[in-house]
Amino acid sequence: MRSGWLLFALGSAFFAALTALFGKLGVAGMNANLATFIRTIVILVVVAAIVSLRGDWAKPDAVPWHNWLFLVLSGVATGLSWLCYYRALQLGPVSKVAPIDKLSVALVIAFGLVFLGERPSVPVLVGGGLILAGAMVIALF
């Protein structure tokens, strides 16, 4: 099944949908930043448990510096994304917030083309365009 990536991508979409639903319910009546902090601690514990159970720990010096750099930048971007996402969930309906958040898909297609030199394909461009159009319909109406 396409080297297994499709199954994991579908799992990601499923769990992202649950994240939106549970996040909307969990952030109600509390500070969005505190909610993000609690969520982050839970993620840290869950991922540490998985890494431990699988025996995937490695010495920090075994990880090249450029990997550290991009993982740190990714972590900062993730944190900022989550802070914005939880605040948006507090202020708006999950049925609008989550799809707008998925504009990240169209953005990452553009970033992949510009920064990673990925080659555009008709299905990717059409799909990205449809995501953009869908987000605009949801945001504007």
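The values are calculated or read from the model by the stated rules, or taken from the named source; none is laboratory data. All figures in this text were calculated on a predicted structure; none of them were measured in a lab. Here the Cβ positions follow ideal geometry from the backbone for every residue, glycine too, while neighbour counts run over all protein chains shown.
With respect to (1) closer than 24 Å to Phe14 by Cβ; (2) modelled with pLDDT under 95, the lone exception for Gly112 is condition (2). Scanning the stretch 56-96 for residues that are more than 28 Å from Val126 (Cα to Cα) and touching a residue at least 60 places away in the same chain (Cβ under 8 Å) yields a total of 3.
Between Gly75, Gly11, Gly55, the distinction of being on the phi > 0 side of the Ramachandran plot and either small (Gly, Ala, Ser) or outside the structural domain of Ile138 (by TED's automatic domain parsing) (or both) belongs to Gly55 only. Looking only at residues in the stretch 9-68 that are loosely packed, with under 11 Cβ neighbours inside 10 Å and within 19 Å of Gln90 (Cβ to Cβ), the one that is farthest from the chain's Cα centre (by Cα) is Gly29. Show the residue pairs that are 6+ apart or on different chains and have beta-carbon atoms under 8 Å apart, the first residue being within the stretch 1-19 and within 24 Å of Trp82 (Cα to Cα), the second being at pLDDT 90 or above. Sorted first by the residue in the stretch 1-19, then by its partner, the pairs are Ala16/Ala98; Ala17/Ala98. Can you tell me which residues in the stretch 97-141 are of a type outside the set (A, V, I, L, M) and either in contact (Cβ under 8 Å) with a residue 12 or more places away in the chain or part of a helix (DSSP H, G or I) (or both)? Those that are of a type outside the set (A, V, I, L, M) and either in contact (Cβ under 8 Å) with a residue 12 or more places away in the chain or part of a helix (DSSP H, G or I) (or both): Pro99, Asp101, Lys102, Ser104, Phe111, Gly112, Phe115, Pro123, Gly127, Gly128, Gly129, Gly134.
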